[in-house]
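A.B. asks: Sharing a structure below in structure tokens format, with a few things to ask.
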Amino acid sequence: MNSRLDLLQPYPFARLNTLLANSQPNPDLEVITLSIGEPKHPAPTVALEALQGALNEVQKYPATSGKFGLKQAITDWTNQRFELSENSLSADSNVLPVNGTREALFAIAQTLTDPNKKNGTVGMPNPFYQIYEGAALLAGKTPVYFNSLTSKNMQPDWRQISDAEWQQMELLYICSPGNPSGTYIELEDMCYLIEQSDLHDFVIVSDECYSELYLDDSQKAPSILQACSKLGRTCFSRCIAFHSLSKRSNLPGLRSGFAAGDAKLLKDFLLYRTYHGSAMPGFVQVASEQAWKDENHAGINRELYRAKYKAILPKLTDHFEFTAPEAAFYLWLDTPIDDQEFTRRLFEEQSVKVVPGSLLARDTETGNPGQNRIRIALVAPIDECIEAIDRLISFTSSLVTNA
């Protein structure tokens, strides 16, 4: 057995199930589940029709590098969306289709860290998507957690990382818009990270899978590729961005995304993936191409989430202190009591299921940045989301009243 498997912690949802194992929801209320960030909006017809029309692709082995039509659609979308200088991203060398960002975010650490480097680290925000940690551990690297701070728009203070910490780092995961905060890393901070990657020779892996759920058309989520362009780096050296159709297009079951950036790193990643056996099925590639070509459905999807936030955010302001999200579909709220106790009692008394923040983060010398917080995923229909928030407010008010 791989002894490194013993280092892995249970996934947050497994820990949530354990927390609620002896709890029962209020029998007078329907259960509303806002714990898992699984999109529930309709999938785009353009992708479903393409999927049905490409079923004969099951008779062919797909190429790991991907169909050129899909790569060109991804390239066109990315160049346009992030205003890359002179359409600098190339379908031939800067783009690689992947089977959803989850597997690719894991695999990239296995590819781009050196097993011969002792004491190498992989940096990540805290709280974080647990795949980052598992990828680091199974690559034989030490995860290093950088706490997200209210004073920094719920992102880490990147400028407080020491030269010694940068020097040990082989790979840095960033997440913007953040999970669970929904806040951005500003372009200026991304440029700073790129400068540090040059000085200390590490790779930046930018998880941008929530980028298309921005709440304001004038404040679209930036990309690490955009930061490269701002610095005049059309080679995207040491930078790879990951995107997905799961959130943008409500296609989580399609398992379709892409990696884009440094051509040399992607060439190495392709070699790894060829042996790993992770070629995207041909019919998925055909459907994905049509999804990336169509922006109309993505706009409709954004409006559905915006309507939820518009209805819900005003309700919360008198009861919670929180940083307003800029994108995604999450709320990251403080709790007046321990977050795990809060979650359990909310489920028992109001039949609303959320995730305790401490399960999404790790303990550090300065504490657990998820403690006394909960994450809410606004994925249910709008009426259910509003009902759940009303129950949440009622429950929270009762705690304050009885304190």
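A.B. asks: Beyond 39 Å, how much of the Cα-Cα pair distribution for the chain remains, as a whole percent?
C.D. replies: Everything past 39 Å amounts to 17 percent.
A.B. asks: Could you line up HIS41, HIS243 from fewest to most neighbouring Cβ atoms inside 10 Å?
C.D. replies: Sorted ascending by nearby Cβ count, the order is HIS41, HIS243.
A.B. asks: Further question on the same structure: Compute the helix-to-body angle for 100-112: its Cα long axis versus the longest principal axis of the chain, expressed 0 to 90° and rounded to tens.
C.D. replies: 60
A.B. asks: Taking the alpha-carbon set of segment 92-193, what are its Rg and Dmax in Å?
C.D. replies: When restricted to Cα atoms, segment 92-193 yields Rg and Dmax of 13.9, 42 Å.
A.B. asks: For ASP28 paired with ALA380, estimate the spin-label separation in nm (one decimal), with each label point 7 Å from Cα along the Cα-to-Cβ line.
C.D. replies: 1.8
A.B. asks: How large is the Kirkwood hydrodynamic radius of segment 1-61, counting all unique pairs of alpha carbons, in Å?
C.D. replies: Value: 16.9 Å, from the Cα pair sum.
A.B. asks: Continuing with this model, one more query. Using the basic label-point model (7 angstrom from Cα toward the beta carbon), what is the LEU138 to VAL46 distance in nanometres?
C.D. replies: Distance between label points: 3.4 nm.
A.B. asks: Within the set of other residues whose C-beta is less than 12 Å from the C-beta of ILE393, count the net charge using Lys and Arg as +1 and Asp and Glu as -1.
C.D. replies: Once all neighbours under 12 Å are counted, the net charge is -1.
A.B. asks: Give the percent of DSSP beta bridges with both residues in the chain that are antiparallel, rounded to the nearest 5. Let's see the in-between values first.
C.D. replies: On the way: 19 of 39 bridges.
The antiparallel proportion sits near 50 percent.
A.B. asks: If you don't mind, there's one more thing I want to ask. What is the antiparallel percent of DSSP beta bridges lying wholly in segment 205-335, to the nearest 5?
C.D. replies: Rounded to the nearest five, the antiparallel share is 60 percent.
A.B. asks: Kindly express, to the nearest 10 degrees and within the range 0 to 90, the angle between helix 263-276's C-alpha long axis and the longest C-alpha principal axis of the chain.
C.D. replies: Tilt of helix 263-276: around 80 degrees.
A.B. asks: Another question, then. Could you work out how much longer the chain between ALA21 and ASP201 gets when fully extended? Use 0.36 nm per residue separation minus the Cα distance between them, nm to one decimal.
C.D. replies: Full-extension gain reported as 60.2 nm.
A.B. asks: Using a cut-off of 13 Å between beta-carbons, work out the net charge of the residues near ASN17 (Lys and Arg +1, Asp and Glu -1, ASN17 not included).
C.D. replies: Summing Lys and Arg as +1 and Asp and Glu as -1 gives +3.
A.B. asks: For the peptides 139-150, 80-91, 201-212, 8-19, what is the packing order when you average, over each peptide's residues, the other Cβ atoms within 10 Å and list the highest mean first?
C.D. replies: Top to bottom by mean Cβ count within 10 Å: 201-212, 139-150, 80-91, 8-19.
A.B. asks: Between beta-carbons, use under 11 Å as the cut-off and find the net charge around ALA91, counting Lys and Arg +1, Asp and Glu -1.
C.D. replies: 0
A.B. asks: Segment 174-240: percent of C-alpha pairs farther apart than 14 Å?
C.D. replies: 55
A.B. asks: For segment 189-333, what does the alpha-carbon gyration tensor say about shape, rounded, prolate or oblate, given a ≥ b ≥ c as the root eigenvalues, a/c under 1.5 as rounded, and a/b over b/c as prolate?
C.D. replies: Taking the square roots of the gyration eigenvalues as a ≥ b ≥ c, segment 189-333 is oblate.
A.B. asks: Same structure again: Per Stokes-Einstein, at 20 °C and 1.002 mPa s, what whole-number D in µm² s⁻¹ belongs to segment 60-294, with the Kirkwood radius over Cα pairs as the hydrodynamic radius?
C.D. replies: 121
A.B. asks: Right, something else. Please report the antiparallel percentage of DSSP beta bridges with both residues in segment 60-294, rounded to the nearest 5.
C.D. replies: Taking every DSSP beta bridge within segment 60-294, about 40 percent pair in antiparallel fashion.
A.B. asks: Here's something else I'd like to know. Using the number of other C-beta atoms within 10 angstrom as an exposure proxy, rank GLU57, GLU30 with the fewest first. Walk me through the intermediate numbers first.
C.D. replies: Working: GLU57 18, GLU30 10.
The most exposed by this proxy come first: GLU30, GLU57.
A.B. asks: For a footprinting-style exposure proxy, rank TRP332, TRP77, TRP158 by other Cβ within 10 Å, fewest first.
C.D. replies: TRP158, TRP77, TRP332
A.B. asks: For the chain, what does -39500 (n - 2.57) per DSSP helix run (n ≥ 4), summed and divided by total residues, give at 222 nm, in deg cm²/dmol to the nearest 500?
C.D. replies: Only helices count here, giving -12500 deg cm²/dmol.
A.B. asks: Using the basic label-point model (7 angstrom from Cα toward the beta carbon), what is the SER162 to ARG345 distance in nanometres?
C.D. replies: 4.1
A.B. asks: Relative to the present Cα-Cα distance, how much length would full extension add between VAL58 and GLU365 at 0.36 nm per residue of separation? Before the final figure, lay out the partial values.
C.D. replies: Values: separation 307, 0.36 × 307 = 110.52 nm, distance 5.17 nm.
Full-extension gain reported as 105.3 nm.
A.B. asks: In addition: Which of the pairs LYS141/LYS220; LYS40/LYS220; LYS117/LYS267; LYS118/LYS264 have their Cα atoms more than 32 Å apart in this structure?
C.D. replies: LYS141/LYS220
A.B. asks: Turning to a different aspect of this structure: By how many degrees, 0 to 90 and rounded to 10, does the Cα axis of helix 382-402 deviate from the longest principal axis of the chain?
C.D. replies: 50
A.B. asks: Please check: in the Gaussian network model of the chain (C-alpha springs, under 10 Å), which one of ASN250, ASN179, ASN22 has the largest mean-square fluctuation.
C.D. replies: The residue with the greatest mean-square fluctuation here is ASN22.
A.B. asks: Just flag the GluC sites (Glu not before Pro) in segment 294-352 sitting in loop per DSSP whose Cβ has no more than 11 other Cβ atoms within 10 Å.
C.D. replies: GLU321
Every read-out reported here was derived from the displayed coordinates using simple, explicitly stated rules and does not represent laboratory data. Note that the structure is a prediction, hence the values are computed from the model and not measured. Here the Cβ is made from the backbone with ideal geometry for all residues, glycine too, and neighbour counts use every protein chain on show.
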